[in-house]
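Novice: One structure coming up, written as structure tokens, with questions to follow.
The values are calculated or read from the model by the stated rules, or taken from the named source; none is laboratory data. Keep in mind that this is a model prediction, so the values were computed, not measured. Here the Cβ is made from the backbone with ideal geometry for all residues, glycine too, and neighbour counts use every protein chain on show. Surface accessibility is based on the protein's heavy atoms, side chains included, excluding ligands, DNA and RNA. Shrake-Rupley method; radii C 1.70, N 1.55, O 1.52, S 1.80 Å.
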Amino acid sequence: MTVQAPPRATREEKDRLLEDFVRLCEVESPSRRERPMTDAVAAELREIGLEVTEDGSGPETGSDAGNLLARIEGPEDARTILMCAHLDTVPLDAPVEVVREDGIFYNRNEAILGADNKAAVAVMLTLARRLARHGSPVGVELAFTTCEEISLRGAKALDRGMLRSEYGYVFDHATPIGELVVAAPTYFRVAANFRGKAAHAGIRPEEGRNAIAAAAKAIARMELGRLDQETTTNVGTISGGTAPNVVAERCDVELEARSLDHDRASAVVTAMVDALTEAASDAECDVETTVQQQFRGYRLQRTSPPVAVAAEALDALGLEPRYITTGGASDANIFQAAGVPCLNMANGTERNHQPDESVSADALETMLDVALGLVALSA
């Protein structure tokens, strides 16, 4: 039996994809200020003929816009799959003026391009035009989230009850196309607020209780950096004190722990909190510690539907699937935790969050062909 190859994008569709990508990159949409981007994407979807829902998550996320959801119906009794991209970017240091040289897109100015994640947004819009015009073998839900760059807040606020999908995909890993993120970490954020006692540092230091010194002792007791192949920790910020001649009355520290092993992450955080508590006690200071699980890790088997279909779609394009793990997170973490198996796929962009961020026209066009394959092979 001959299996029909998945469809490929036409030259016209690819040209429109590249035009959309440039236009969307030049729409500024840093986290919490996604309104212009949200309106632009919603207008495109409605022009295609799709009904678009914007949820009311803005007050929860702190954004001036909500998440968008549009749906392309498939045949009766066909499964539905999810495609997701985020609308926000990290902060911009300068306007985006997209330049294309030798097939590579970058920002003329010293700032991000915004390919993270507007490359995926442009691909999804082109996919939607194709499916709306020619029909889809499966139902496809298109989700566009806000505030992904702030601990995935938009996806967290999206009402799971709005979704019908059996499984889904995000295109949000800045590595060569072909890489499939089959495991991502649990992430804990730790905040510690040390409170000591102020005193004149040159006249009555004995009467003081130095909160900065207590925090320093706590940090010195911790294992930091890469603890093993699956686990990392970090001290991200520390601030405190009022003047050089005053024993520091306060000190605030922010830390994190990540691991592909959820229990390992929990154990590491417990050790960090113990170090903070013990150091405060030794220095006769008080400490208030807050621990927040920002997202839970996941692992996907290679035989799971989203991974198996993705591998087949890559194979059909002559691309070798490469199964990787990551220390970062994406909206896939949130959908996975909500019961929708979701695979994060590499999008071919480079150096995301950096002023030399770039993406090639070839990578954008290949992403589109991969997306078409995901839809066709999900039938």
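Novice: Evaluate segment 349-363: report whether one residue or more is surrounded by fewer than 22 Cβ atoms within 10 Å (Cβ to Cβ), over 16 Å from the mean Cα position of the chain (by Cα) and among the polar types (S, T, N, Q).
Specialist: Scanning segment 349-363, I find at least one residue that is surrounded by fewer than 22 Cβ atoms within 10 Å (Cβ to Cβ), over 16 Å from the mean Cα position of the chain (by Cα) and among the polar types (S, T, N, Q), so the answer is yes.
Novice: Against the condition in contact with a strand residue (DSSP E or B) (Cβ under 7 Å, 6 or more places away or on another chain) and surrounded by fewer than 14 Cβ atoms within 10 Å (Cβ to Cβ), how does Glu249 come out, does it pass?
Specialist: It is false that Glu249 is in contact with a strand residue (DSSP E or B) (Cβ under 7 Å, 6 or more places away or on another chain) and surrounded by fewer than 14 Cβ atoms within 10 Å (Cβ to Cβ).
Novice: Those residues that are open to solvent by 40 Å² or more (accessible area, probe 1.4 Å) and either aliphatic (A, V, I, L, M) or farther than 19 Å from Glu26 by Cβ (or both), I need them from segment 65-93; list them, please.
Specialist: Within segment 65-93, Arg71, Glu73, Pro75, Glu76, Asp77, Arg79, Leu92 meet the criteria.
Novice: Are there any pairs, at least 6 apart or on different chains, whose C-beta atoms fall under 8 Å, with the first in segment 220-241 and over 19 Å from Asn193 (Cβ atoms) and touching a residue at least 60 places away in the same chain (Cβ under 8 Å) and the second open to solvent by 30 Å² or more (accessible area, probe 1.4 Å) and part of a loop (DSSP other than H, G, I, E, B), and if so, which?
Specialist: As it stands, the answer is Glu230/Asp261; Thr232/Gly327, since those pairs meet every condition given.
Novice: Also, I was wondering about something else. Out of all the residues in segment 35-43, is one or more basic (Lys, Arg) and part of a loop (DSSP other than H, G, I, E, B)?
Specialist: The answer is no, given that none of the residues of segment 35-43 is basic (Lys, Arg) and part of a loop (DSSP other than H, G, I, E, B).
Novice: I need every pair where a residue in segment 204-219 that is over 11 Å from Gly240 (Cα atoms) and outside any helix (DSSP H, G or I) has its Cβ under 6 Å from the Cβ of a residue that is open to solvent by 10 Å² or more (accessible area, probe 1.4 Å) and of a type outside the set (A, V, I, L, M, F, W, C), sequence separation at least 6 or different chains.
Specialist: Gly208/Lys197; Arg209/Gly196; Arg209/Lys197; Arg209/Glu284
Novice: With under 21 Å from the mean Cα position of the chain (by Cα) and either open to solvent by 10 Å² or more (accessible area, probe 1.4 Å) or not aliphatic (A, V, I, L, M) (or both) as the only criterion, which of Ile219, Ile203, Ile150 stands out?
Specialist: Testing whether each residue is under 21 Å from the mean Cα position of the chain (by Cα) and either open to solvent by 10 Å² or more (accessible area, probe 1.4 Å) or not aliphatic (A, V, I, L, M) (or both) leaves just Ile150.
Residue by residue, here is whether (1) in contact with a Cys (Cβ under 7 Å, 6 or more places away or on another chain); (2) closer than 13 Å to Arg23 by Cβ holds:
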position: Leu87; (1), (2): no, no
position: Val90; (1), (2): no, no
position: Ile104; (1), (2): no, no
position: Asn109; (1), (2): no, no
position: Ile112; (1), (2): no, no
position: Lys118; (1), (2): yes, yes
position: Ala122; (1), (2): no, yes
position: Leu125; (1), (2): no, yes
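Novice: Within segment 18-64, track down each residue that is over 26 Å from Leu131 (Cα atoms) and not charged (D, E, K, R).
Specialist: The answer is Ser29, Pro30, Ser31, Gly56, Ser57, Gly58, Pro59, Thr61, Gly62, Ser63.
Novice: Give the residues of segment 132-147 that are open to solvent by 10 Å² or more (accessible area, probe 1.4 Å) and touching a strand residue (DSSP E or B) at 6+ places or on another chain (Cβ under 7 Å), sorted by residue number.
Specialist: Ala132, Ser136
Novice: Which residues, taken from segment 252-280, are free of Cβ contacts under 8 Å to residues at least 60 places away in the same chain, hydrophobic (A, V, I, L, M, F, W, C) and open to solvent by 20 Å² or more (accessible area, probe 1.4 Å)?
Specialist: Listed by number, the residues that qualify are Ala267, Ala271.
Novice: May I ask you to list the residues in segment 255-270 that are farther than 12 Å from Asp228 by Cβ and of a type in the set (S, T, N, Q)?
Specialist: Correct list: Ser266, Thr270.
Novice: If you take just the strands (runs of 3 or more DSSP E) that sit entirely in segment 80-122, which of them hold at least 1 residues that are within 17 Å of the chain's Cα centre (by Cα) and in contact (Cβ under 8 Å) with a residue 60 or more places away in the chain?
Specialist: Working: elements: 80-86, 98-101, 104-107.
Those strands (runs of 3 or more DSSP E) span 80-86.
Novice: Looking at Leu24, Leu18, Leu45 in this structure, which one is touching a strand residue (DSSP E or B) at 6+ places or on another chain (Cβ under 7 Å) and either farther than 22 Å from Ile334 by Cβ or open to solvent by less than 70 Å² (accessible area, probe 1.4 Å) (or both)? Reasoning before the result, please.
Specialist: On the way: Leu24 fails: touching a strand residue (DSSP E or B) at 6+ places or on another chain (Cβ under 7 Å); Leu18 fails: touching a strand residue (DSSP E or B) at 6+ places or on another chain (Cβ under 7 Å).
So the residue among Leu24, Leu18, Leu45 that is touching a strand residue (DSSP E or B) at 6+ places or on another chain (Cβ under 7 Å) and either farther than 22 Å from Ile334 by Cβ or open to solvent by less than 70 Å² (accessible area, probe 1.4 Å) (or both) is Leu45.
Novice: Mind checking whether some residue in segment 42-55 is among the basic types (Lys, Arg) and either closer than 25 Å to His173 by Cα or modelled with pLDDT under 95 (or both)?
Specialist: no
Novice: Pull up segment 223-246, narrow it to residues that are assigned to a loop (DSSP other than H, G, I, E, B) and out of contact with any Ser or Thr (no Cβ under 8 Å at 6 or more places or on another chain), then point me to the one that is surrounded by the most Cβ atoms within 10 Å (Cβ to Cβ).
Specialist: Gly241
Novice: Oh, and also: Report every pair of residues separated by at least 6 positions or lying on different chains whose Cβ atoms are under 7 Å apart, first residue within segment 149-173 and part of a strand (DSSP E or B), second open to solvent by 20 Å² or more (accessible area, probe 1.4 Å) and not basic (Lys, Arg).
Specialist: Tyr167/Pro305; Tyr167/Pro341; His173/Glu179; His173/Thr326
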